[in-house]
Amino acid sequence: MASGVKPRVKVPSSVSAGEVIEIKTLISHKMESGQRKDDDGNTIPRSIINRFTCTFNGETVIDVTMEPAISTNPYFQFEAKVPEAGEFVFTWYDDDGSVYEEKKSVTIG
Amino acid sequence: MEFSRRETLALGAGAAALSMLPLRSFAATADEMIAEFTGGADLAQDGVTLTAPEIAENGNTVPIEVSAPGASEIRVYATGNPTPPVAAFAFGPLAGSRAASTRIRLAETQNVVAVAKLEDGSFAQSTKLIKVTIGGCGG
Amino acid sequence: MKNIYPLTAIASSFLIALSAPAKADEDAKLVVNDEIEMVTETAAPSHLEGLDTIYSGWTFRTDETQSLQMDDFDNPAFVFVDQAMDAWDKVEGSAEKSCSSCHGDVMESMKGVRAVYPKWNEEAGEVRTLVTQINACRTEQMGAEPWGYTSGKMASMEALISVPSRGMPVDVAIDGPAQSMWAKGKELYYTRFGQLELSCANCHEDNYGNMIRADHLSQGQVNGFPVYRLKNTKLNTAHARFKGCVRDTRAETFNPGSEEFIALELYVASRGNGLSVEAPSVRN
């Protein structure tokens, strides 16, 4: 699933110091549950993103353990405190070892 | 015997509009998993809010939100899914609130449970019945 | 005994509670990204005799499904729009060109295009859907392989091209050289198909607002296509939807891309003249 995976992240680019902001993330991924069968009746092996993290300047905002019950094209919305200017790093960990990363800089203004 | 189209359409009018699957539950396993998370501690019935539609238009994509002020972690279980765990949200020092939204899969009509671990070490739980409907058009 | 299907089979396929409310929420307004105001309800175009008011399919969905379309960061279709953005710039085929080599910035060059398709193409002497036009560019302009009519790549490109037209009124021409295709589409729309002897109009004109099993029937408009469906978690083209609807009447269906479905798309699109282009939209 390493091909065609594209994260989308919504973060305001400029905030005031200490502000709490809303973040939305969406990534394209089949999230194959491991419970479906193909046309020949064979179980399709599980292949999901199993973890999602968001950090700001190295400190954790949220760390999510994901199970096969998370829908295709996983979506998360949550809030973060922004104490200073810096960079958000969003990371998705795939069962197959792939890691997808997206970064967003935020200025204070 | 011959049906007009109107009659065909009206045939089901008396029946419930929702075709629901019977309530089947893997609650035992979900309960076990929750007990493992809480170490058997008591579960307060308030302290965590689970927001979800009463009726989901499609079980493949059901939007939910969990919120528990003061929580360090919130776990979500779908008691009627073949494997109940859905997600575990652990909040870090820069979390702006102890809340998160996502979209989940529900195999059938069932109870969804959110369990929050609060910073004082106690636990809270919230349960919501979500009806999963079956669409009329295969499209 | 003319009816070869047992009563129960028909009844279980079509549970329509005729007492159902006309619409989920009369006052719901669709504003996308706090910016694009969509017309989801307006007077029917004059050629349409069976309806006074036309409604976008959005108005028939639950609050939760409706809200997925209000922000491009909530709308899962946009992961595919992003993928199509890459495809737009990708050089392919013997002419060694990308879409952008000729069309430049898609948000500029494709503004208004989605609103007027399907459309008569003078040079080719045929009615083209966005899909057949895209494939004409791929094969004739780029020397590349055509994409499958209902393929993911095609649906994604159609979605991307629709984005700059969002909020503009659908304005499909039904006169002039397109008239005969339009008439053909209209005839198909009112033809009863299959074991159940149901036409598109029987469901989408006579019974919109009612429940069919647990599904809230809309007017079957195409202003939101391609559509991200919660059911199959991907983008769906109008022809894929037509196919599903015809199949549900237990009829042999036409193929996506067939002349019948192109005529039908032209006609159905014209029934929505005046609604906003919503594509890519979200439905159940």
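The values are calculated or read from the model by the stated rules, or taken from the named source; none is laboratory data. The model shown is predicted, which means the values in this text are computed figures rather than measured ones. Virtual Cβ from ideal backbone geometry, glycine too; neighbours counted across all protein chains shown. With ligands, DNA and RNA removed, areas are computed over all heavy atoms of the protein, side chains included. Shrake-Rupley method; radii C 1.70, N 1.55, O 1.52, S 1.80 Å.
When chains A and B come together, the accessible area they lose, probed at 1.4 Å and totalled over both chains, is close to 2200 Å². Annotation for the stretch B:112-135 versus the stretch C:200-272: alpha-carbon center distance of 37 Å. Per residue, the average separation of C-alpha pairs within less than 8 Å and at least 6 apart gives the stretch B:28-132 a relative contact order of 35 percent. What chain C shows is 41 Å² of accessible area per residue, with the surface traced by a 1.4 Å probe over protein heavy atoms. Among C:Gly257, C:Gly143, C:Gly272, the residue with the largest mean-square fluctuation in a Gaussian network model of chain C, with springs joining Cα atoms closer than 10 Å, is C:Gly143. Taking all protein chains together, B:Lys128, A:Lys103 sort by accessible area into A:Lys103, B:Lys128, largest first [probe 1.4 Å]. Taken about its Cα centre, the stretch B:28-132 carries a charge dipole of about 320 debye when Lys and Arg each add +1 at the Cβ and Asp and Glu each add -1 at the Cβ.
Carbon-plus-sulfur accessible fraction, chain A (probe radius 1.4 Å, protein heavy atoms only): 43%. Here chain C is scanned for GluC sites (Glu not before Pro) in DSSP loops (not H, G, I, E, B) that have at most 12 other Cβ atoms within 10 Å, and the longest stretch holding none of them is C:124-251. Each chain gives up part of its surface: C and A jointly bury about 1200 Å² of accessible area, both sides summed, for a 1.4 Å probe. Comparing C:Leu188, C:Leu230, C:Leu68 in a Gaussian network model of chain C, where Cα atoms under 10 Å apart are tied by springs, the biggest mean-square fluctuation is seen for C:Leu230. Summary value for chain C: 28 percent relative contact order, contacts being C-alpha pairs under 8 angstrom separated by 6+ residues. Phi angles across the stretch B:77-82 convert, under the Karplus curve 6.51 cos²θ - 1.76 cosθ + 1.60 with θ = phi - 60°, into 3J(HN,Hα) values of 10, 9, 5, x, 7, x Hz, Gly and Pro given as x.
Bin width 20 Å, alpha-carbon pairs only: give the P(r) of the protein assembly as shown as whole percents, running from 0 to the bin holding the largest distance. Whole-percent P(r) values from 0 Å outward: 20, 52, 26, 2.
Look at where the Cα atoms of the stretch C:90-115 and of the stretch A:26-102 average out, and the two centres are 32 Å apart. Separation of the stretch C:137-163 and the stretch B:67-93, taken as the distance between their Cα centroids, equals 41 angstrom. For the pair C and B, the buried accessible area comes to roughly 3200 Å² in total, with a 1.4 Å probe and the value rounded to the nearest 100. Show me, for the stretch B:109-126, the HN-Hα J-couplings you get by feeding each phi into the Karplus relation (A = 6.51, B = -1.76, C = 1.60, θ = phi - 60°), rounded to Hz, glycine and proline as x. Result, rounded to whole Hz: 4, 6, 8, 10, 10, 10, 10, 10, 9, 8, 5, 7, x, 8, 10, 9, 9, 9.
The simple spin-label model puts a point 7 Å past each Cα toward its Cβ; for C:Glu37 and C:Asp206 those points are separated by 3.8 nm.
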